[in-house]
1. Taking the conditions exactly as written (farther than 30 Å from residue 617 by Cα, of a type in the set (Gly, Ala, Ser) and surrounded by 15 or more Cβ atoms within 10 Å (Cβ to Cβ)), does residue 660 satisfy them or not?
2. Suppose we filter the range 269-292 for residues that are open to solvent by less than 10 Å² (accessible area, probe 1.4 Å) and either charged (D, E, K, R) or farther than 22 Å from residue 81 by Cα (or both); how many remain?
3. For the list (1) more than 15 Å from the ligand (Cβ to nearest atom); (2) farther than 30 Å from residue 601 by Cβ, I need the number of the one condition that residue 240 fails.
4. Of the residues that make up the range 542-553, is at least one in a helix (DSSP H, G or I) and farther than 15 Å from residue 420 by Cα?
5. Taking the range 226-237 as the search range and keeping residues that are in contact (Cβ under 8 Å) with a residue 40 or more places away in the chain and more than 15 Å from the chain's Cα centre (by Cα), which one is farthest from the ligand (Cβ to nearest atom)?
6. Can you confirm whether the range 249-256 contains a residue that is modelled with pLDDT under 95 and among the small types (Gly, Ala, Ser)?
7. Consider the range 308-336. How many of its residues are more than 16 Å from the ligand (Cβ to nearest atom) and part of a loop (DSSP other than H, G, I, E, B)?
8. Go through the range 223-268 and report how many residues are small (Gly, Ala, Ser), open to solvent by 10 Å² or more (accessible area, probe 1.4 Å) and in a helix (DSSP H, G or I).
Amino acid sequence: MKWIYSVSLAVSLAMQPAFADDLFGPHPMTEQARDAFVNQLLSKMTLDEKIGQMRLISVGPDTPKSAIRDMIQHGQVGAIFNTVTRQDIRAMQDQVMQLSRLKIPLFFAYDVVHGQRTIFPIPLGLAASWDLDATAEVGRVSAYEAADDGLNMTWAPMVDVSREPRWGRGSEGFGEDTFLSAQMGSSMVKAMQGKSAADRYSIMTSVKHFAAYGAVEGGRDYNTVDMSPQRLFQDYLPPYKASLDAGSGGVMVALNSLNGTPATADSWLLKDILRGDWKFKGITISDHGAIKELIKHGVASDPQDAVRIAMKSGIDMSMSDEYYSKYLPGLVKSGAVSMAEVDDAARHVLNVKYDMGLFNDPYSHLGPKESDPQDTNAESRLHRAEARDVARKSIVLLKNWRETLPLKKDATIALVGPLADSQRDIMGSWSAAGVAKQSIPLLQGVRNAMAGKGTVLYAKGANITDNKGIQDFLNLYEQAVSVDKRSPQELIDEAVAQAKKADVVVAAVGEAQGMAHEASSRSDLVIPESQQKLLAALKATGKPLVIVLMNGRPLTVVKEDQQADAMLETWFSGTEGGNAIADVLFGDYNPSGKLPVSFPRSVGQIPIYYNHLPTGRPYNFAKPNKYTSHYYDAVNGPLYPFGYGLSYTTFTVSPVKMSSRTMPRNGSVEASVTVTNSGKRDGATVVQLYLNDPVASISRPVQELRGFQRIMLKAGESQTVKFKIDVDALKFWNQKMQQVAEPGKFNVMIGLDSVRTQDAQFDYL
Ligand code: BGC
């Protein structure tokens, strides 16, 4: 590890001999050296200083900078979040070096969920790329920019599997599938942490929200989660485990309760599973205010009780509440919490600081003061090319009737809709330090693409919503949604007038970014009524209609699917979103995205997910029977299935070839297909492998994703795609909660979505 000795540190160390002399290395980056160092450091710390390390605070109205300075001086804070410039971070680290007794560096964290300054597509969109290289690219760039701002940790990736589109936070995760989420999460962790979280341009990750937050009842945020142990271990825990196996240094603990126990109070989850079974060595951090919330959850009688329970359950660091600082001293004094327990928690904090390289150089992500950027938001600090590349890959073509797309650049295009010119919305929620003014809205992207060739006619057409209550909700903390004062009819009339002059209409509709966020649960999934009315009026013009959806969750778009000649799902595609969508609209990029979530036809179908269990009375569409599992007022099955997405070219998939009809015990078999680009354009697609265990000791899902490969094929080109299937792919948690692979027949399904597959079988011996 390179020893960078900053000027301010050198000055402050000269002023403070004490322990600091041997505090700052260089220290070898080994576990053994770390443990020896941290033990020695702990032996020099007072109880208050240890408790101070366990406190994580956000700079804000409740804790202004002056209060933080005071806390730093008294060793009462271990880490800071929501501070994102080198100047601010340096000032605080300077205070540690100049004012505190032990000079234990702070670490600095932030929600770098899909970019820091350059904003990439929301994670749900990234998942639609099914591209692990793109994921790694997002991770590397995000870590680079975050580290370049002085940060050491991110609260990401979020790997909460969610089958609940009403939940606004599905936008932050990788969709409904366990396997895809696990792959995405572990790629992100590896890319962000690089070779070492201590490196100049790496940051440490903190996987969240442990556990099963994506399954909140009714999709209402912060609500209860209740599920069988089989489902928890089979479907919800693996992405966290995979991200930890990839080396994540941190875990953020969920706000919800799981089977009655709030995660923050769950020693089974945090100790037995996380540290015991999974051998996690890093740091656990409570979510915002979660320790206090144990009282409202009804498991703690008062603040002391909440702190005692959180400590006993294995919460190392408390986020944004003062409870540890206030109540731990008394609890240690009374013996309710032991010094060993405090030591353990403080040790985990100090360990990660060591792993971040902060004891070699507290300024390692800051560099010398002179190197600070003149302008934090400078254009030169962005990674636009990478953002555009990933955003294109995240876009899913849902419908393309009679090859409406791609559009011609010399056409006259009416571009309408409340999202067509919104720089804020295209970035999505949790857009970190991204600046809306630097993002390319769709209107700009289309203009860039058509420059000097065709004509763009723009009209807003509608407000995001005409519901005043929802407008106020969206503008609660920032002026995020601008409301046009004209009447809905005036807005529509203007759009229709533009449409009538155009060859084709492109309507950018969907959700404002604030509709798919924390605390943004919906009880309905429709496009808001104001926009539905706009679409109806546009449809009535008889012009070809291309719908560009922007949203952070599956929407119920049955009607829109009927109205549209072509439809694109573009999620919230980030800083370069407008250019990326234009690339797809005009065919400069052939869409290749695949849905990481099922799109329901109506809210009433929820939960709807592709890897469901069979029932004893399956509904047969060809031979309907009253006493079978279905709704009498709706069709079974989603509007668009998991894994679905079209291309401007066509692909064919050959029958599956098995390397053997049998798989030996603990061995493997290979399944392969030949995929041919049978159309006229080059294009990429995602080949998906699903397995099914048709007869097992417990019911097993009708299909489960067990592999995928993204391939690029020139027009006319073919490629054989091979999947190795080993015993791990067959395993599941049985009724006795043992992880087993049971001998017998297995079905193999390979296709370009979860429905249209080529099928084969093998026997596991
Ligand atoms: C969210 C976390 C987030 C934290 C810090 C909480 O409200 O649940 O996901 O990391 O705030 O911003």
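The values are calculated or read from the model by the stated rules, or taken from the named source; none is laboratory data. All figures in this text were calculated on a predicted structure; none of them were measured in a lab. Methodologically, a virtual Cβ is constructed for each residue, glycine included, from the backbone with ideal geometry; neighbour enumeration extends over all protein chains shown. Keep in mind that these areas ignore ligands, DNA and RNA; they rest on the heavy atoms of the full protein, side chains included. Shrake-Rupley method; radii C 1.70, N 1.55, O 1.52, S 1.80 Å.
1. no
2. 4
3. Of everything listed in (1) more than 15 Å from the ligand (Cβ to nearest atom); (2) farther than 30 Å from residue 601 by Cβ, residue 240 misses just condition (1).
4. As a first pass, look at the range 542-553 and keep what is in a helix (DSSP H, G or I): none.
No, the range 542-553 has no match at all.
5. First, the residues of the range 226-237 that are in contact (Cβ under 8 Å) with a residue 40 or more places away in the chain: 229-230, 233-236.
Next, from what is left, pick out any that are more than 15 Å from the chain's Cα centre (by Cα): 229-230, 233-235.
Numbers: 229: 25, 230: 27, 233: 23, 234: 24, 235: 21 Å.
Filtering the range 226-237 for residues that are in contact (Cβ under 8 Å) with a residue 40 or more places away in the chain and more than 15 Å from the chain's Cα centre (by Cα), the one farthest from the ligand (Cβ to nearest atom) comes out as 230.
6. Filtering the range 249-256 for residues modelled with pLDDT under 95 gives none.
No: zero hits.
7. 4
8. Looking only at that region, the number is 3.
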